[in-house]
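Structure, as structure tokens:
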Amino acid sequence: PRALIPVRTYLDFSPLARLFPILVDGHGLRLLRPRILFTVVGLAYFLASDVSFSMAVGPFIFCTVAGILSKYGVVLRTGHHQSVKIEAFLFTGGYTGIVLMSLYTGRHYYWNVLKRSLGLRASDEVGDYAAWAMRVFLTGTLAFVVQLVVIGLDWQLAVLYTALALIIFCAVSRTIAETGAFYIGTEVFPGAIIWGFMGATALGPSTMLIMFLVTVILLVGPGWAPMPFMVQSLKLADDVDVKVSRVANLAVITLLLSTAIALPMILYWQYDRGALLASGGWPRYAATFPFENMVEIQHRLTAQGTLELSESLSGWRRFLHIAPTGPAVTAFFVALTLSIGIAVGRLRFAKWPFHPVMFVFLGGSQALTLSASFGLGWIIKSLVSKYGGEKSYAAVKPLMIGIIAGDMLAKFVPMVAGTVYYFVTGDPP
């Protein structure tokens, strides 16, 4: 870069910020500095138009609404990842709406799979692999609930926590499988959501600390968990008429091998080089959230004179002392209603422009990063389809595949060069 002209992959329209103060007040300044991700542009060309359009305009809508609300003293973004904030409940409502609509549209199939997995007669033909998958799912869910109870949660809270965890993983998995949007962060953290719905007095510091710690360990990054990418691989296999049962068997073997290789290596590298160096400091920040919450909750309950009461509650007695956070719960139901409404509109109207996937991203960091690229892919697809028809759309497909492949190759080359550099010099590149 000191000798050659740099090739920028972003455009800087930030001087226009003074013309869009509401967007800026809603934390949308990054939208005025769009970055082009070639892989995302290529993927957007192959997606349904409503998906790409929603991914492109969703962040603008969210940041504009957030900016308007900020004028009235309603702040959507405040606190850290495991605090009670309105934005997190908007995400949760959107995720829940997506999962509920998925269950509704596939209700007959899921019901028959459940019956078949329990040894009952199903009205529709269900593959053995689906029945076994349901058995594994039910066993794993029960085992997770039991583990939560063993470490100190009441079974009622364990069930609630598990339900939220399933909503997160299912919503993220469906999104990645349907859109290919591989860069997903989430603001849905079960401990904080249950806190917002029930209140600190009903839960108590010890119970909340357990939920916060489990969240940090298992749910701090669902977008990078194995499940979404496993689901995506099965979806791709099904799209090209490859037998899903065969792919599923190979996928299980791959997952076991990957786990056996990845766990020892990441532990070695983190102990050798340091976890903070390997992960940009995120483990340290995430690990502090449960204890920051714990101190805050104890001080608050002590000031209110309810600390001893909160520690004495258990089981159903907790639900007699529920004190929901009003704005957060309202935000949940608003997002839930909008998410279901958009999904219903997509089912009922042929030219419906929006897709509920926008509620998985809203105005988060990932949405701000991907928005411009999805928008560019949508524009290219729309223009090619409108002026060239189906034939031209098919003719441009190889170009888009080449763009994706070129971007992947460009990212692969530094990995190889860095590996060679490390083995030659012994220093990290």
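Pairing residues of the range 347-376 that are within 19 Å of Tyr95 (Cβ to Cβ) with residues that are open to solvent by 50 Å² or more (accessible area, probe 1.4 Å) and modelled with pLDDT under 85, at Cβ distances under 8 Å and at least 6 apart in sequence or on separate chains, gives Val357/Glu178; Gln366/Tyr183; Leu370/Tyr183.
Within the range 1-20, track down each residue that is outside any loop (DSSP other than H, G, I, E, B), of a type outside the set (Phe, Trp, Tyr) and open to solvent by 70 Å² or more (accessible area, probe 1.4 Å). Selection gives Pro15, Leu16, Arg18, Leu19.
The residues of the range 185-207 that are of a type in the set (Gly, Ala, Ser) and part of a helix (DSSP H, G or I), listed by number, are Gly191, Ala192, Gly196, Ala200, Ala202, Ser206. Here Phe144 does not qualify as under 30 Å from Ser49 (Cα atoms) and open to solvent by 10 Å² or more (accessible area, probe 1.4 Å). Residues that are part of a loop (DSSP other than H, G, I, E, B), of a type outside the set (A, V, I, L, M) and under 20 Å from the mean Cα position of the chain (by Cα) within the range 55-95 comprise Arg77, Thr78, Gly79, His80, His81, Gln82, Ser83, Lys85, listed in sequence order.
Do you know which of the residues in the range 21-32 that are in contact (Cβ under 8 Å) with a residue 40 or more places away in the chain and in a helix (DSSP H, G or I) is surrounded by the most Cβ atoms within 10 Å (Cβ to Cβ)? If we take residues in the range 21-32 being in contact (Cβ under 8 Å) with a residue 40 or more places away in the chain and in a helix (DSSP H, G or I), then Leu31 is surrounded by the most Cβ atoms within 10 Å (Cβ to Cβ).
Of the residues making up the range 160-199, those that are more than 20 Å from Phe89 (Cβ to Cβ), open to solvent by 10 Å² or more (accessible area, probe 1.4 Å) and of a type in the set (A, V, I, L, M, F, W, C) number 2. The conditions of being modelled with pLDDT of 90 or more, out of contact with any His (no Cβ under 7 Å at 6 or more places or on another chain) and open to solvent by 60 Å² or more (accessible area, probe 1.4 Å) are not met by Gln156. Within this structure, Tyr129 fails the test of being open to solvent by 40 Å² or more (accessible area, probe 1.4 Å), assigned to a loop (DSSP other than H, G, I, E, B) and closer than 19 Å to Gln232 by Cβ. Does the range 33-51 include one or more residues that are touching a Cys at 6+ places or on another chain (Cβ under 9 Å), touching a residue at least 12 places away in the same chain (Cβ under 8 Å), open to solvent by 80 Å² or more (accessible area, probe 1.4 Å) and not in a helix (DSSP H, G or I)? Scanning the range 33-51, I find no residue that is touching a Cys at 6+ places or on another chain (Cβ under 9 Å), touching a residue at least 12 places away in the same chain (Cβ under 8 Å), open to solvent by 80 Å² or more (accessible area, probe 1.4 Å) and not in a helix (DSSP H, G or I), so the answer is no. In the range 68-89, the residues that are more than 22 Å from Thr215 (Cα to Cα) reach residues that are outside any helix (DSSP H, G or I) and open to solvent by less than 50 Å² (accessible area, probe 1.4 Å) with C-beta atoms within less than 9 angstrom, at least six apart or across chains, in these pairs: Ile68/Gly26; Leu69/Gly26; Leu69/Leu76; Ser70/Gly26; Ser70/Leu76; Val75/Lys85. Just one of the numbered conditions (1) within 18 Å of Phe62 (Cα to Cα); (2) part of a helix (DSSP H, G or I) is not true of Gly345: (1).
Scanning the range 211-239 for residues that are closer than 19 Å to Ser314 by Cα and free of Cβ contacts under 8 Å to residues at least 60 places away in the same chain gives a single hit, Met211. Any residue that is assigned to a helix (DSSP H, G or I), aromatic (Phe, Trp, Tyr), closer than 21 Å to Ile167 by Cβ and open to solvent by less than 30 Å² (accessible area, probe 1.4 Å) - is there at least one of those in the range 360-375? The answer is yes, given that some residue of the range 360-375 is assigned to a helix (DSSP H, G or I), aromatic (Phe, Trp, Tyr), closer than 21 Å to Ile167 by Cβ and open to solvent by less than 30 Å² (accessible area, probe 1.4 Å). For Met134, the conditions (1) farther than 30 Å from Ala328 by Cβ; (2) modelled with pLDDT of 90 or more; (3) aliphatic (A, V, I, L, M); (4) assigned to a loop (DSSP other than H, G, I, E, B) all hold with the exception of (4). Just so you know, in the range 69-108 the residues that are closer than 19 Å to Arg346 by Cβ and of a type in the set (Val, Ile, Thr) include one that is most open to solvent (accessible area, probe 1.4 Å), and it is Thr105. Screening Ala335, Ala328, Ala323 for residues that are open to solvent by less than 10 Å² (accessible area, probe 1.4 Å), closer than 24 Å to Pro205 by Cβ, touching a residue at least 60 places away in the same chain (Cβ under 8 Å) and not β-branched (Val, Ile, Thr) leaves exactly one candidate, Ala328. For the range 406-417, the criterion of being within 18 Å of Ala48 (Cα to Cα) and either touching a residue at least 12 places away in the same chain (Cβ under 8 Å) or touching a Phe, Trp or Tyr at 6+ places or on another chain (Cβ under 7 Å) (or both) is satisfied by no residue at all.
The values are calculated or read from the model by the stated rules, or taken from the named source; none is laboratory data. Note that the structure is predicted; figures quoted are calculated from it, not measured. Methodologically, a virtual Cβ is constructed for each residue, glycine included, from the backbone with ideal geometry; neighbour enumeration extends over all protein chains shown. In case anyone asks, the SASA skips ligands and DNA or RNA and just uses the protein heavy atoms, side chains included. Shrake-Rupley method; radii C 1.70, N 1.55, O 1.52, S 1.80 Å.
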